[in-house]
Structures are given as structure tokens and as C-alpha cells.
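Working notes, beginning with the structure itself.
Bear in mind that the values in this text are calculations on the coordinates, not laboratory data. Predicted model, so just to flag it, every value in this text is computed and none were measured. FYI the Cβ positions are ideal-geometry reconstructions off the backbone, even for glycines, and counts take in every protein chain you see.
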Amino acid sequence: PTWILEFIFVRDANFIFSNPPDAIEFGLGPVLRHMIGNEIVGVGDRYTANRRDQIMETSNGGAPLPCHAIFRSPDISCFRYLMSLPDIHCVFRPATGSGNNLIHWCAFSSVSFSLDALEMALQHPQIPGINDVIKVGYTPLCLLCMRREMPIDMRLKKLEILLAYGAADPPVGGRAFL
């Protein structure tokens, strides 16, 4: 959806099979399953937004595949597949020290399926803390409140979901955007 260089398929139709974030962006769940199932890429591999052609070590930053799926996929299929993997919980919290976790990503995302993704994430048996604070001091609830360009009906539904699952009162994460 965000690609402007459509001619890339003419030049190299196989690039998509070596790049999980691109497969996610195009909604190619079977390609992603093939890469992970055949151990071409690992669940814990991280990718940066500007250098998606290289697998990044966790010490070098980059985002795990569920983060790419929640922000860049055209539908929920890739996210649903990743959440079904038995060892996916190892990437719920980034190793970079930023503090953002799966709940933060789902709360902040404004893609159409992020409501379902948020509920799916909150129901996972090894969910990260719903009130975890990122490096700058915001909880998922605060991130949701600061996301002004998100449609108001989506924001309200996510607010209801977070509160229903035990999100703390807003002052826990600071009052800056509330």
C-alpha cells in the first residue's frame, strides 16, 4: 500500500521472498509462512523501516515482525499468523530498551484491523504488561490518547478495550496528552 515504485516487480519478482516486511506490506501471508516455516527467517529477526532488505540484530534496533504487521499490513492475516506461532511471545517486548511492546503498537496503530489485533494481543497467554511505560513515560492508554489522526470511533473502542482489560488510570503514564 505504501510503495510508489511498482516497476520493482518487473526488475526482480523474487525480492518479496527474501524480505518479510515487504511480504507483510503486500499481505502475502503464505510467503511469510513459507519463510518462517522453512527457517529462512526467524521469529525474533528485526527489520528497520529504511533498510528492510537487511535482517538487523536485536542489538542494532529495528522492529520485530508483529510490529511491521500491525502498522503496514493491508489486513489482519499476517498478524494473526504471527500471533499463532508458539514462540512469538519472545518478541512482544523489544530488546532495544525503548519499552514499546505489543500492546503499545496495537494501541497506537490506526490501521483498520488494529481493533481486532488489540483484542487478540490482550488475550494472548503471555501478554506484556498493559500498563508498561515506554522510555518517555507513556502507557498504551497515553499513546492512544495522543493519536489524534486516528478516527474517533476507533479511539473510543480501543479506550473501552484497554480499560476493560485493566489499563490503569491515565495519570500512571503522565498527563501530557490527556
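Sorted from largest down, give the three principal axis spans of the alpha carbons of the stretch 101-167, whole angstrom values.
29, 26, 18
Add +1 for every Lys or Arg and -1 for every Asp or Glu among the other residues with Cβ under 13 Å from the Cβ of ASP116, and state the total.
Net charge in that neighbourhood comes out at +1.
As an exercise, use a Förster radius of 45 Å and the Cβ-Cβ distance of ASN38 and ILE152 to find the FRET efficiency, rounded to the nearest 0.05.
Calculated transfer efficiency: 0.55.
Taking 0.36 nm per residue of separation and subtracting the Cα-Cα distance, what length does fully extending GLU160 through ASP116 add?
Here the segment from GLU160 to ASP116 would lengthen by 14.5 nm.
What does the net charge come to around PRO140 if you take all other residues with beta carbon closer than 10 Å to its beta carbon, with K and R at +1 and D and E at -1? Mind dumping the intermediate values first?
On the way: positive: LYS158; negative: ASP132.
With Lys, Arg at +1 and Asp, Glu at -1, the neighbours total 0.
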